[in-house]
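Everything below concerns the one structure shown next.
Any read-out appearing in this document is the output of simple, stated calculations on the displayed coordinates, not a laboratory observation. As the structure is a prediction and not an experimental result, all values here were calculated from the model. Because the Cβ atoms are built from the backbone with ideal geometry, glycine has one as well, and the counts that use them run over all protein chains shown.
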Number of protein chains: 2
Amino acid sequence: MNRGVTPQSEDFSAWYNELVAKAQLVDRGPAKGTMVIRPYGYRLWELLQAELDRRIKDTGHENAYFPLLIPESYLQREAEHVEGFAPELAVVTHAGGKELEEPLVVRPTSETIIGEMMAKWISSHRDLPLLLNQWANVVRWEMRPRMFLRTTEFLWQEGHTAHADEADAMRETMLALGLYEEVARDIAAIPVVAGEKTPGERFAGAVRTYTIEGMMRDGKALQCGTSHYMGANFARAFDIGYTAASGQRQLCHTTSWGMTTRMIGAVIMTHGDDKGLVLPPRLAPYQVVIVPIRDTAPACHELAVRLRAAGVRVHVDDRPQLSPGFRFNEWELRGVPIRLEVGPRDLESGTAVLARRLSDAKESVPLDSLPSALPVILEEFQELLLRRATGFRDEHTITVGTWEAFAAAVSTGWALALHCGRPSCEDVIKTETAATPRCIPLAGPEESGTCVRCDQPSAYGKRVIFGRAY
Amino acid sequence: MNRGVTPQSEDFSAWYNELVAKAQLVDRGPAKGTMVIRPYGYRLWELLQAELDRRIKDTGHENAYFPLLIPESYLQREAEHVEGFAPELAVVTHAGGKELEEPLVVRPTSETIIGEMMAKWISSHRDLPLLLNQWANVVRWEMRPRMFLRTTEFLWQEGHTAHADEADAMRETMLALGLYEEVARDIAAIPVVAGEKTPGERFAGAVRTYTIEGMMRDGKALQCGTSHYMGANFARAFDIGYTAASGQRQLCHTTSWGMTTRMIGAVIMTHGDDKGLVLPPRLAPYQVVIVPIRDTAPACHELAVRLRAAGVRVHVDDRPQLSPGFRFNEWELRGVPIRLEVGPRDLESGTAVLARRLSDAKESVPLDSLPSALPVILEEFQELLLRRATGFRDEHTITVGTWEAFAAAVSTGWALALHCGRPSCEDVIKTETAATPRCIPLAGPEESGTCVRCDQPSAYGKRVIFGRAY
Ligand SMILES: [Zn+2]
Ligand SMILES: [Zn+2]
């Protein structure tokens, strides 16, 4: 195996593409834009999934499963929705040896089929709110695929909820956004910015779209999760209604929200460096790798047992055919936070050599201290990653007042700018700088003035984050 | 809601179809034969999945994810495989607004695409065994759909492994079968019989197929999980080979094995009665339901907190608009193992009324004893279900020596019979009695003689289980 990767500074995109393959996260599937998620990549997803699923359940949502294949006519019931998704659909026209009377689309998202079922399940105000979530695969035909970031098929969770009124649905929309922000920050160590999308960046069929945006190490933005308030758009299209306490028939207000395998791409591009992946301990398939040197493998496996008992995910790499140096490099490339080297002399002195993924220093530590020390060291590493990523994001986010400063800021990161809110002005900015409005940050202070590009009065009452995006 | 169901004895099939809907396990999807798994049904699946997933990981397998859409040509590489699946395929012919150059099939199973990747990942004997598992949805067009049992789309896990030789692959095949037997018995309380399929019942492309078979309460058999030894059939078709220690290039031997959402159907039909579902505590979404009577809801919620801390899955049904009797019936229909009724007088005396799902007796128990008593009571209930199902199975399994006894046995359950092993004789038996060979039980004693139907010498060296099957 050729284990080096192109340096980030030389070609970030090549670095990424080489790394996802060489770290054995993913492989190309045969159909255009599809991916095979290999065990190391899938374990990352499972760990993220467990964290998010627990929070989704703790906030009162229930998981369910809806069919993959949706009649084409369902999508057509919500005009904006079908317009948004039609170009990306994969369509089943034949099944069971025959041509189907009505083609079935492979779900690109499940608003329509879940809407149809919600209409059936909800009759009274007592049935509300209805809080559903689904873990599933979806298919959106992808012209410019990139592993994890834009793939024809991806995995996600999609929350779908129905409420009695706008206030309750908006509370839900923000609750889901909050879960995403928490998981991104506390688990993936990504200091995302939560905010609202401008109208041009809304989900097809939504009244309001919220997002969490992460800054990658090339300064670009990656949308890491979105939460949508649909108003009564889908309720009207699918007749999702209820009888209020007053006896009156009313339409529900619905929401939907999703986080996907794209998050693995976010982890890679937020923390990785020229040596390879750098994984946050809370998502690392192996938090610690033990490399036996010469004939210490049995002692290393014993140590692993004690570390596992202390709750540490540990792997012993005892491949005798590979040199220690080769194995060190491989686990650096694959982003394991902590490496322990154990040679015969270490064993004699009852110690191991401990190396951290982001430091060249090594230290000798007593074997007996490791079960209690490693959980603390891993926690420190987790915090270091968040601190480091927050520093990077803040250094590359510039509050700008002039068009020149704007153009400079979005060439290396994000610009915080006042904007008029006109789609035509957004288009001009995109053409000239490749930057788009990422979000109107929830936490931004109130501010007004004139548009950074066209000098018309600013919109939104606060600054907008602009950046180039994945 | 009309809550009664047709009695089992009157029409087992109507009982089943009414129950899965009224217990809110499932709903019909819009495309032919598809199902919506509602939260109560999906939670059952999640609990089963967690038990199986842990065992799969503990035995050294890793989860991965392979694409849903498979080029049609892949399936054609293994002749028996394509012949077996061609009539059931759903085919994507259009995507991204264009007709595809090569149609893509929605995976009916993943041997072919995983075989293609295994060939890429395996080069040396050091890469073996390769032990993979996938949790996924699959699609097989279904002409006679029945919820959970035969649906166009279903959920499952599929294990796929590659080995250096037949011995290692056969060990794996039996290991997987053992996991299924254990989960069925210890978690779902289904006393399945493990055995080998006769050649006519093998998986398309397999050299040997093993199964676990459960007896439903109508005496029919339900295949609950299968494990296949593929020999080198898929290795040959996809060129899955390795360099042996000797330096020689060799073909791998592969296995595959699957358990599906059909298991939910097995639970329903193994334990259910005329009142509705009866759920084994280890799979019950709610192990205990507390029904407050009059104004005791706050005390019931406090009790629920204490029970949850004791590891019990508990639900408080505090719907004031429904009478206690209505709520009792509903939770009986939905199969909750234990019901606690708490009225004002119970609270005064510090007790609750405890009712078990399979008994008409009620007893008064001190509230303070419940956190320690309920886990024991639930364990007893779990054991009772397994004992009851084992008794039922044994009573309905008859060792037969004559054709008359055979025909009588398969009209109410299973026949243990000597059989010649000829497919034409199997066909005659099927035509005359609707019974098919379910399996050659692994645990059956050695025995030979003449075929129960045609008097030719018996095959397999032991008796075969025959029964009508789902
Ligand atoms: Zn402007
Ligand atoms: Zn015969």
Checklist line | When region B:288-378 is reduced to its Cα atoms, the Kirkwood hydrodynamic radius in Å | finding: 12.9 Å
Note to self: Based on Cα coordinates alone, diagonalise the gyration tensor for region A:81-191, multiply each eigenvalue by 5, take square roots, and list the semi-axes in whole Å, largest first.
What the structure shows: 29, 24, 11
Check: Once you average over the residues of A:24-31, how many Cβ atoms of partner chains fall within 10 Å of each Cβ?
Finding: 5
Item checked: Simple Cβ-charge dipole of chain A, Lys/Arg +1 and Asp/Glu -1, about Cα centre, in debye nearest 20 -> 520 debye
Notebook entry, point to check: In chain B, with Lys and Arg counted as +1 and Asp and Glu as -1 at Cβ, which of these residues, B:Ala176, B:Ala459, B:Ala373, has the Cα nearest the positive end of the dipole, that is, farthest along it?
Noted result: B:Ala373
Check: Using +1 on the beta carbon of Lys and Arg, -1 on that of Asp and Glu, and nothing else charged, what's the dipole of region B:397-467 about the Cα centre, debye to 20?
Finding: 160 debye
Notebook entry, point to check: Measuring from label point to label point, each 7 Å out along Cα→Cβ, what is the B:Ser448 to A:Glu383 span in nm?
Noted result: 7.5 nm
Notebook entry, point to check: Between B:Glu80 and the same site in the other copies, what are the distances in nm, shortest first, taking label points 7 Å from Cα along the C-beta direction?
Noted result: 5.5
Notebook entry, point to check: Within 10 Å of each Cβ of A:57-67, how many other protein chain Cβ atoms are there on average?
Noted result: 6
Note to self: Tell me the angle of helix A:39-58 to the major Cα principal axis of chain A, expressed in degrees between 0 and 90 and rounded to the nearest ten.
What the structure shows: 50 degrees
Checklist line | 0 to 90° range, to nearest 10: angle between helix A:370-395 axis and chain A longest Cα axis | finding: 50 degrees
Checklist line | Spatial separation of Cα centroids for region B:24-79 and region B:183-234, in angstrom | finding: 17 Å
Note to self: If I take R0 = 22 Å and measure r between the Cβ atoms of A:Lys57 and B:Glu302 in this structure, what FRET efficiency does the formula 1/(1 + (r/R0)^6) give, to the nearest 0.05?
What the structure shows: 0.55
Check: Tally Lys/Arg at +1 and Asp/Glu at -1 over every other residue whose Cβ is under 14 Å from the Cβ of A:Phe66; what's the total?
Finding: -2
Notebook entry, point to check: For B:Ala405, which inter-copy label distances result when the label point lies 7 Å beyond Cα on the Cα-to-Cβ vector, reported in nm to one decimal and in ascending order?
Noted result: 9.7
Check: Using r as the Cβ-Cβ distance of B:Val353 and B:Glu10, and R0 as 35 Å, what FRET efficiency do you calculate, to the nearest 0.05?
Finding: 0.65
Next item on the list: Run the dipole for region A:55-199 about the Cα centre, Lys and Arg Cβ at +1, Asp and Glu Cβ at -1, nothing else charged, and hand back the magnitude in debye, nearest 20.
Entry: 440 debye
Check: What is the log10 of I(q)/I(0) for the protein assembly as shown, computed with the Debye formula using one identical point scatterer on each Cα and no solvent, at q = 0.06 Å⁻¹?
Finding: -0.48
Margin query: Using helices alone, I'd like the mean residue ellipticity at 222 nm for chain B: each DSSP H run of four-plus residues gives -39500 (n - 2.57), total over residue count, nearest 500.
Written below: -10500 deg cm²/dmol
Next item on the list: Return, for the Cα atoms of chain A, the radius of gyration and Dmax in Å, separated by a comma.
Entry: 24.7, 81
Next item on the list: Arrange the peptides B:96-103, B:269-276, B:332-339 so that the one whose residues have, on average, the most other Cβ atoms within 10 Å appears first.
Entry: B:332-339, B:269-276, B:96-103
Check: Which angle from 0 to 90°, rounded to the nearest 10, does the C-alpha axis of helix B:403-412 make with the longest principal axis of chain B?
Finding: 50 degrees
Checklist line | Cα lying deepest toward the dipole's positive end in region A:108-183, options A:Thr112, A:Ala164, A:Trp141, charges on Cβ | finding: A:Trp141
Note to self: Ordered shortest first, which distances in nm separate the 7 Å Cα→C-beta label point of B:Leu358 from those of the other copies?
What the structure shows: 5.7
Note to self: 7 Å from Cα along Cα→Cβ at both B:Phe328 and A:Ala79: what's the point-to-point distance in nm?
What the structure shows: 5.6 nm
Next item on the list: Give the shape of region B:12-271 as rounded, prolate or oblate, defined through the alpha-carbon gyration tensor: a ≥ b ≥ c are the square roots of its eigenvalues, a/c under 1.5 means rounded, and otherwise the shape is prolate if a/b is larger than b/c and oblate if not.
Entry: oblate
Check: For peptide B:44-50, how many partner chain Cβ atoms fall within 10 Å of a residue's Cβ, on average?
Finding: 1
Item checked: Projected label distance in nm at B:Asp427 and B:Arg171, using a 7 Å step from Cα toward the beta-carbon -> 4.1 nm
Next item on the list: Using the charge dipole of chain B (Lys, Arg: +1 at Cβ; Asp, Glu: -1 at Cβ; taken about the Cα centre), state which of B:Trp331, B:Trp257, B:Tyr286 has its Cα farthest towards the positive end.
Entry: B:Trp331
Item checked: Pairwise FRET efficiency - A:Asp127 versus B:Ser411, Cβ, R0 = 35 Å, nearest 0.05 -> 0.20
